[in-house]
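A quick write-up on the structure given underneath.
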Amino acid sequence: MGIRSRLREERLRILLTNDDGIYARGLGALYDELSAGFDCLIVAPEVEQSAVGHAITVFRPLMVRPARKNGRFLGYAVAGTPADCVKIGVRELSDKPVDLVVSGINLGANVGTNVIYSGTVSAATEAVIMGIPSLAVSLNTHREADFSFAARFTRRMVEFIGENPLEENSVINVNVPALPEEEIRGVLVTHQGKSHFKEKFAKRVSPRDNIYYWLDGETVIADPRDTTSDVQALKRGFVSITPLKYDLTSYRLLAGLKERIGRHFGSSFVSGGDDADKS
């Protein structure tokens, strides 16, 4: 049964996760908003796992424990990464098929190059790899914040996905300005921007005379005139909605690269397709 039919005929099973940890306020706001209309299960990292990207755990067991809040069952805390949480949540911890994965609400934007590092986006990407539609949601602040508008907007996005199934292998990445609702200018569908993080390291010395470093820096926008990017939309006060794919192939370069590699390697080059199958 497709997600559209499930939305009409019964409560959708949504797996909720994040990279800020199971007790993060953004995840709590998301659960409070979505659980009123959908069947939600939280499977999230036991501790914060920000900027771990798409790492998965393979050299140690995944420890899972039921987490409680105010004496009530909250969900499952996993001693692993956001991608781990989606894998084990879908395969082992959910007692019924998962229709949709929602990752967030992250404290801090995930736009531009940050998408590559983001555990929030990677959790949603893992769901798509497993054949499950997904949504990543972030709020553009690193301070204590009001998640209520972002949570309500996420509910509307869940309803949209239910009525408008996503293209296969696609993740929807949503970034919400940390502004009062009346100051948000609207919603833009955007492309991933080309900002990057300009790193610097603060060198310190421990009380035992060991040198250590703190990573620091700032985000640099490659083209501030590109008003259709997720980076600029967010900066201008719009909610940014960006479709992402995990296929990293550069199709624009593919044909030209085949031609140049063919010239370089000569008769030893196999272009692919039928020739490759015969080898």
Evaluate segment 147-157: report whether one residue or more is assigned to a loop (DSSP other than H, G, I, E, B) and surrounded by fewer than 22 Cβ atoms within 10 Å (Cβ to Cβ).
no
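Suppose we filter THR249, THR242 for residues that are of a type in the set (Val, Ile, Thr) and either touching a helix residue (DSSP H, G or I) at 6+ places or on another chain (Cβ under 8 Å) or within 25 Å of GLU144 (Cβ to Cβ) (or both); which single one remains? Don't jump to the end; show me each part of the working.
Numbers: THR249 fails: either touching a helix residue (DSSP H, G or I) at 6+ places or on another chain (Cβ under 8 Å) or within 25 Å of GLU144 (Cβ to Cβ) (or both).
The conditions single out THR242.
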Among (1) among the small types (Gly, Ala, Ser); (2) in a loop (DSSP other than H, G, I, E, B); (3) at pLDDT below 95, where does SER5 come up short?
(2)
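Could you check segment 8-61 and list, in sequence order, the residues that are hydroxyl-bearing (Ser, Thr, Tyr) and either touching a His at 6+ places or on another chain (Cβ under 8 Å) or under 18 Å from LEU107 (Cα atoms) (or both)?
Let us first name the residues in segment 8-61 that are hydroxyl-bearing (Ser, Thr, Tyr), namely 17, 23, 31, 35, 50, 57.
Selection gives THR17, TYR23, TYR31, SER50.
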Return the total of residues in segment 126-140 being open to solvent by 20 Å² or more (accessible area, probe 1.4 Å) and in contact with a strand residue (DSSP E or B) (Cβ under 7 Å, 6 or more places away or on another chain).
2
State which residue pairs qualify: first residue farther than 21 Å from TYR117 by Cβ and open to solvent by less than 60 Å² (accessible area, probe 1.4 Å) and inside segment 161-174, second residue assigned to a strand (DSSP E or B) and of a type in the set (Val, Ile, Thr) in any location, beta carbons under 8 Å apart, and separation of 6 or more residues or different chains.
ILE161/ILE172; LEU166/ILE172
Where the second residue is in a strand (DSSP E or B) and modelled with pLDDT of 95 or more and the first is more than 16 Å from VAL58 (Cα to Cα) and open to solvent by 10 Å² or more (accessible area, probe 1.4 Å) and lies in segment 78-100, which pairs have Cβ atoms under 6 Å and are six or more apart or on separate chains?
LEU93/VAL43; LEU93/TYR76; SER94/LEU41; LYS96/ARG13; VAL98/ARG13; VAL98/LEU15; ASP99/ARG13
Of all residues in segment 113-142 being aliphatic (A, V, I, L, M) and outside any helix (DSSP H, G or I), the one that is farthest from GLN232 (Cα to Cα)
MET130
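The values are calculated or read from the model by the stated rules, or taken from the named source; none is laboratory data. Just so it is clear, the model here is predicted, and its values are computed rather than measured. Using ideal geometry, Cβ is built from the backbone for each residue, glycine included, and neighbour counts are taken over all protein chains shown. Protein only, heavy atoms only, side chains kept; ligands, DNA and RNA dropped before computing areas. Shrake-Rupley method; radii C 1.70, N 1.55, O 1.52, S 1.80 Å.
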